[in-house]
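Let me begin by presenting the structure, written as structure tokens, before commenting on it.
The values are calculated or read from the model by the stated rules, or taken from the named source; none is laboratory data. Note that the structure is predicted; figures quoted are calculated from it, not measured. Here the Cβ positions follow ideal geometry from the backbone for every residue, glycine too, while neighbour counts run over all protein chains shown.
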Amino acid sequence: MKLSDFNFFKPKPNKNTELIPTKNTPLFSTEDVDLIIHPPQGINTKLNRQFTQIIAKLFKSQGYNIINIDGFEDNGGDLLLEKDSTKYAVQIKHYNPLSNTERIKPSDIQKFYATKKLTGVDRLIFLTTTYFYSHAIDKANDLGIELIDREQLFQLFAKLSPEFTAQIAYKFSIQDFPECPYCRYGRIQKLYKKTGNNKGYYYYLCSDCDEFIYPSSLKENNL
């Protein structure tokens, strides 16, 4: 059976990389959401810098002035911010909780505290996509460092962007569908032809790229 035998496929729609448009321009793209949900497993400098840009976008949307972004002479702070004459240093740890074997330790908090003296900032914020050990939380409280863990970060994103919440719910709803072996982004749906030509045959389509998936491709990719 050939792909041309199936005459019930409609043309692929042009898909925007941004989230579903609202009255205002979406704050986060689908690529941003993917990176927020699935941090890289292992060290990935490019994606870590991209994530830092996302966090900068988040703070900027709240009226913070971005002084420096993960650049030279940041003295340990991935972001240097200013708002209402108050200067902030933000430490960002972009870890995947599924692959990273540790949480943020008290020693990480203590090391970041030195940033306050080096940069002359007024306040410190430690943000991570994973979690803090309880002793690290105690250390941060003693030193006056604000902490943002994975759950709090997601709450902040959801508060600022309803589209983010919708995208999270959507991805969760299709997480058990096999991944498309072509685009590696969409999910495979098994469909059944009820009428017309090829009645009674099953076929497979990607939810994102609308690529026709041959059964042999599913076997080759262990799907």
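Which of the residues spanning segment 138-156 are surrounded by 13 or more Cβ atoms within 10 Å (Cβ to Cβ), farther than 23 Å from T86 by Cβ and either modelled with pLDDT under 95 or touching a strand residue (DSSP E or B) at 6+ places or on another chain (Cβ under 9 Å) (or both)?
R150, F154
Being at pLDDT 80 or above and hydroxyl-bearing (S, T, Y) is the requirement here; does T22 meet it? It would help to see each step written out before you state the result.
Numbers: at pLDDT 80 or above: no; hydroxyl-bearing (S, T, Y): yes.
Considered against the rule, which asks whether it is at pLDDT 80 or above and hydroxyl-bearing (S, T, Y), T22 comes out as no.
Out of everything in segment 43-62 that is closer than 12 Å to F28 by Cβ and of a type in the set (V, I, T), what residue ends up being farthest from the chain's Cα centre (by Cα)?
For segment 43-62, the residue satisfying everything is I55.
For segment 43-52, does any single residue satisfy the condition of being assigned to a strand (DSSP E or B) and out of contact with any Ser or Thr (no Cβ under 6 Å at 6 or more places or on another chain)? I'd like the intermediate steps shown before the answer.
Our first condition is that a residue be assigned to a strand (DSSP E or B); within segment 43-52, this holds for none.
Checked against the condition, which is being assigned to a strand (DSSP E or B) and out of contact with any Ser or Thr (no Cβ under 6 Å at 6 or more places or on another chain), segment 43-52 yields no hits at all.
Is it the case that segment 128-135 has a residue that's in the same structural domain as D78 (by TED's automatic domain parsing), surrounded by 14 or more Cβ atoms within 10 Å (Cβ to Cβ) and touching a Ser or Thr at 6+ places or on another chain (Cβ under 8 Å)? Show your work before the answer.
Kept after step one, since they are in the same structural domain as D78 (by TED's automatic domain parsing), are these residues of segment 128-135: 128-135.
Still in the running and surrounded by 14 or more Cβ atoms within 10 Å (Cβ to Cβ): 128-133.
In the following step, the residues that additionally are touching a Ser or Thr at 6+ places or on another chain (Cβ under 8 Å) were identified as none.
No, there is no match, as no residue in segment 128-135 is in the same structural domain as D78 (by TED's automatic domain parsing), surrounded by 14 or more Cβ atoms within 10 Å (Cβ to Cβ) and touching a Ser or Thr at 6+ places or on another chain (Cβ under 8 Å).
Being in contact with a Leu (Cβ under 7 Å, 6 or more places away or on another chain) and of a type in the set (F, W, Y) narrows it down to one of F177, F126, F164, so name that one.
Residue meeting the stated conditions: F126.
Go through segment 85-169 and tell me which helices (runs of 4 or more DSSP H), entirely inside it, have 1 or more residues that are within 19 Å of T52 (Cα to Cα). Can you show your working first?
Numbers: elements: 106-119, 134-143, 150-160.
Here the list reads 106-119, 150-160.
Could you list all residues from segment 83-105 that are touching a helix residue (DSSP H, G or I) at 6+ places or on another chain (Cβ under 9 Å) and of a type in the set (A, V, I, L, M)?
Result: A89, V90, I92, I104.
Can you tell me which residue among Y133, Y182 is touching an Asp or Glu at 6+ places or on another chain (Cβ under 6 Å), farther than 16 Å from H38 by Cα and in contact (Cβ under 8 Å) with a residue 12 or more places away in the chain? Quick ask: steps written out before the conclusion?
Working: Y133 fails: touching an Asp or Glu at 6+ places or on another chain (Cβ under 6 Å).
The unique qualifying residue is Y182.
For every residue, the table says whether it meets (1) surrounded by 15 or more Cβ atoms within 10 Å (Cβ to Cβ); (2) under 18 Å from H135 (Cα atoms); (3) at pLDDT below 80; (4) assigned by TED's automatic domain parsing to the domain that holds A136.
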residue	(1), (2), (3), (4)
N65	no, no, no, yes
N75	yes, no, yes, yes
D78	yes, no, no, yes
S107	no, yes, no, yes
K111	no, yes, no, yes
